[in-house]
1. Per 5 Å bin, what is the whole-percent P(r) computed from every C-alpha pair distance within region 297-362?
2. All other residues with a Cβ under 12 Å from the Cβ of Tyr351 taken together, and with Lys, Arg as +1 and Asp, Glu as -1, what is their net charge?
3. How large are Rg and Dmax for region 317-405 when only the alpha carbon atoms are used, in Å?
4. ³J(HN,Hα) across region 382-395 via Karplus (A = 6.51, B = -1.76, C = 1.60, θ = phi - 60°), whole Hz, x for Gly/Pro?
5. Taking the number of other C-beta atoms within 10 Å as the exposure measure, put Val380, Val185 in order starting with the fewest.
6. Just to confirm a number: summing +1 for Lys and Arg and -1 for Asp and Glu over residues other than Pro2 whose beta-carbon lies under 11 angstrom from that of Pro2, what do you get?
7. Using 0.36 nm per residue, how much length does the chain from Ala328 to Ala193 gain when fully extended, once their Cα-Cα distance is taken away?
8. Could you list the residues of region 282-316 with an amide nitrogen less than 17 Å from a label point located 7 Å from the Cα of Leu385 in the Cα-to-C-beta direction?
Amino acid sequence: MPPLFTWEFASDPYPAYAWLREHAPVHRTALPSGVEAWLVTRYADARQALADQRLSKNPVHHSEAAHGKGKVGIPGERSANLMTHLLNIDPPDHTRLRRLVSKAFTPRRVAEFAPRVQELTDRLIDGFAGRGEADLIHEFAFPLPIYAICDMLGIPPEDQDDFRDWAGMMIRHGGGPRGGVARSVKRMRTYLAELIHRKREDLGDDLISGLIRASDHGEHLTENEAAAMAFILLFAGFETTVNLIGNGTYALLRNPGQRARLQDALAAGDEGLLATGVEELLRYDGPVELATWRFATRDLTIGGQRIAEGDPVLVVLAAADRDPERFADPDALDLSRSDNQHLGYGHGIHYCLGAPLARLEGRTALATLLRRLPDLRLSVDPEELRWRGGLIMRGLRTLPVAFSPEPGHTGT
């Protein structure tokens with residue numbers, strides 16, 4: 001069996017996942033944290049598990065026998081009293097909280113936000129377009145969704161750079177001290193609680209104001225729930241998009257034929273390939289490698305394997321989305337792939353609430369990069385690139401690129 005969760009594995013986990021799909025599709029393994037969990041790698045089993053209500057999202061169901069209790073979830077969130085959010089609860093609380101927040105992510109609200117996303121995208125590219133080189137993670141893919149979700153939540157512009165700093169610490173936790181992550185989470189939690197107090201006196205049209213209104217109109221939303229909801233929307237709402245833009249750009253640079261197809265379509269004013277292309281990038285090398293934790297509330301069977309009550313289960317989205325039983329030629333990037341019901345944003349009641357916003361940001365970012373910097377290219381050998389540590393997300397630490405400087409920009 002190929003080794004799992006090494007640095008070499010992080011660079012290209014797909015051969016190991018192919019081995020697991022064929023030989024051990026539901027496989028119990030010890031994770032780097034010491035927790036033992038089941039990895040589900042086949043598409044059919046993954047889709048079933050994601051929708052199986054016998055698998056709870058609440059860590060209270062984690063068995064003491066599956067050593068490592070307390071080592072699941074987002075670093076720092078327990079000490080910061082942030083556990084009551086959509087990733088950690090089940091119905092009926094999940095149903096209630098999701099209903100409140102879903103109003104912010106309707107197709108109409110997301111469409112109304114499109115000009116702001118385009119404005120942010122252009123502003124960030126303006127910052128490096130005249131220089132002829134950039135790190136697309138730190139200068140583009142990372143700040144774009146941070147500023148976008150801050151706008152949507154109602155974080156004042158003068159405070160958004162603080163959020164960028166805190167989020168930067170959180171996104172680097174795989175290679176950095178967890179204590180620093182806990183401090184950043186605590187600062188974010190404290191700030192959100194204070195912001196909720198301030199906004200009560202001056203409600204706006206933002207998401208935090210909407211949560212406050214819901215609380216004040218009998219929706220039984222506690223202040224802690226409101227702060228936790230704002231936190232998880234920020235946390236889950238930016239890192240997935242960072243990785244979508246970063247992984248997607250990298251995949252296009254490594255597949256020049258597909259990238260040329262997309263550029264030709266955009267030049268002709270045809271955005272159809274952009275829409276299917278973003279879905280294919282989500283399938284091919286998506287931002288979320290493993291779905292967030294689930295815990296068996298009773299003995300059950302997945303893919304012929306018995307799972308004991310209390311056992312943690314991790315659905316490997318990256319493996320399921322390259323299952324040859326579901327996708328033809330799964331290791332090839334095909335931007336025009338039409339039969340593409342990938343699991344990149346999950347499935348079932350925990351399907352990613354912010355997926356419409358992430359798709360908008362991904363389409364806008366990629367299209368604008370290819371239009372404005374048409375000869376974009378890697379400026380390092382692919383072997384030099386490093387992927388961030390961590391279990392759930394999949395993303396590059398850096399993405400150094402070069403391009404012809406854009407006329408009219410002096411660069412910074």
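The numbers here are math on the coordinates, done by the rules we state, and not lab data. Just so you know, these numbers come straight off a predicted model, no measurement behind them. So basically every Cβ, Gly included, is an ideal-geometry build from the backbone, and we count neighbours across all protein chains shown.
1. Percent of Cα pairs in each bin: 3, 12, 17, 19, 21, 13, 8, 6, 1.
2. +2
3. Just the Cα atoms of region 317-405 yield Rg and Dmax of 15.9, 46 Å.
4. 3J(HN,Hα) across region 382-395, in whole Hz: x, 5, 7, 6, 10, 9, 5, x, x, 9, 8, 8, 10, x.
5. The order, fewest Cβ neighbours first, is Val380, Val185.
6. Within the 11 Å Cβ shell, the charges total -2.
7. Difference between extended and current length: 43.7 nm.
8. 282-289, by backbone N distance to the label point.
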